[in-house]
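Colleague: Once you've had a glance at the structure underneath, I'll fire off some questions.
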Amino acid sequence: MGLFLHALLFPGGAEKQCQQAVWRCAADRQTNLRLDDCSWHTFAKGPAVLLNDDCLGYFVWEAISPLLTCPVLLLYIYDDDFWGYELAQAGRVLDMFDSLPDYFKPGRPPARPGNAVAIAHCFKVPPEAVEPYLQPWAETRMGEFACPGDDFVIGDCWQLADFMRALGFEYDQLCPPPEAALPEYGHQADNAVKWDHTAAKVVPPQLPLPAIAYTQLPVDTPILPDALTDAAYARQRAKTLPAEYAEIAKLIEAGQYAEALPLLTEAIRLNSNLAALYLLRAFCWCQLENLKQGRNRRPEMDRDLSCALELEPDNVWALRARCPTTGTSKRYQRHIADLTRLLELDEENQDIYQVSRAYRWHWVGDDEAAKADLAAVLQRGRLWTVDLTYLCRELQMPGFLI
């Protein structure tokens, strides 16, 4: 088996932010990422890391790009036979290239050149400086140099090093030989990430982040069930209705929400003191809207939820439903009040509520209150979501970089 090499370049990236993104990937065992065996160097154009030998670099690159705003270039050598790259920014793939087409089978990899304009834009170099490297190897050119001054010929997988140099990144600085062999590297120590030169290890700086930040990637915020969306809750509330509303309960159980609506409206007209009737009507309207079978009834749903909460002020399901992810500026203050009540009533999900409340504080212009909520969530160290990390960066919380 030949060499399998993976390196990540972060043009324009902030050193600490890029390191944090890589460290978070170590929690995913499928990547085989071992932080102690990775080599870092910070170049004038940004940081770079050479991943450990058996690391599955593609999975690291795929996971890291959505966490960063700078471009991320994955460079690789496959089995000593060819080199290639994958380029992405903010989770969006910009370009990909393989030097040896049809290696696995016809059309895989495809015989297509790399996008010199995309590479040039990300690395701030002239397109003509990189374009010669981005041509699939042709039999007629094997053994030639792509550019004057190159060290490796077309057909040699180490042409990757010449390409790196054209981008402003030197492979030998990313993976320096032993110090005794190259004493001139000593004067570059100020430009390098902290090194343990005896083992070529990077020493992660200590940042004020919870332990969970180093063991998993940020996940999507869990969606909690509520009175508008949870059919099981609606069926349970329908079963508690008095016997005179048996037909309504039957229709809810059967999922016949359009048929249940007029009966619910009439029942509310005759009995306005039963919270379940308001909750069920709001639920039916929501289900029909989701099925594109009714007009937008958001104002009516909101009013029904408010009526239900007047009768059942501690109803967690109704409070959740009345705090959607979007709303008008006039309703953010009410969202804050509802989320504050949910924090008191539902301790199990307090981290989710507190991040949601932090967003509302931010939207109404009270960033200090937002930061206090975020700090409390970080201190507990149980939640690590995309929403949490995004707002922490937006508000420049300690340990988070823009």
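The values are calculated or read from the model by the stated rules, or taken from the named source; none is laboratory data. Not measured: the values here are computed from a predicted model. Cβ: placed from backbone, ideal geometry, glycine included. Neighbour counts: every protein chain shown. The accessibility values were calculated without ligands, DNA or RNA, using every heavy atom of the protein model including side chains. Shrake-Rupley method; radii C 1.70, N 1.55, O 1.52, S 1.80 Å.
Colleague: Return an integer: the convex hull volume of the alpha-carbon atoms of the chain, in Å³ per residue. Mind dumping the intermediate values first?
Modeller: Working: hull volume 78.0 nm³, N = 402.
About 194 Å³ per residue, rounded to a whole number.
Colleague: Note down the net charge around GLN396, summing +1 for each Lys or Arg and -1 for each Asp or Glu among other residues with Cβ under 12 Å from its Cβ. Provide the component values of the computation, followed by the final result.
Modeller: Working: positive: LYS371, ARG393; negative: ASP367, GLU394.
Computed value for this residue: 0.
Colleague: So what's the Cα pair-distance distribution over segment 348-402, bin width 5 Å, in %?
Modeller: In order of increasing distance, the bins hold 4, 23, 36, 26, 10, 1, 0 percent.
Colleague: Which whole-number value in Å² is the accessible area per residue of the chain, probe 1.4 Å? Provide the component values of the computation, followed by the final result.
Modeller: On the way: 19780 Å² over 402 residues.
About 49 Å² of surface per residue is accessible.
Colleague: With just the Cα atoms of segment 229-272, tell me how far they stretch along each of the three principal axes, in Å, largest first.
Modeller: Cα spread of segment 229-272 along its principal axes, largest to smallest: 26, 20, 17 Å.
Colleague: Based on the Kirkwood radius over alpha-carbon pairs, what value in µm²/s does the Stokes-Einstein equation return for the translational diffusion coefficient of segment 1-142 at 37 °C and 0.692 mPa s? Each step should come with its number before you reach the end.
Modeller: Details: Rh = 15.7 Å.
So the translational diffusion coefficient is about 210 µm²/s.
Colleague: Over segment 1-60, how many percent of alpha carbon pairs lie in each 10 Å bin up to the one with the longest distance?
Modeller: Using 10 Å bins, I get a P(r) of 24, 55, 20, 2 for segment 1-60.
Colleague: Here's a follow-up. Within the chain, how many Lys pairs sit with Cα atoms under 15 Å apart, leaving out pairs fewer than 8 places apart on the same chain?
Modeller: On the way: LYS16/LYS45; LYS16/LYS194; LYS45/LYS124; LYS239/LYS250.
Lysine pairs, 8 or more places apart or on different chains, close enough: 4.
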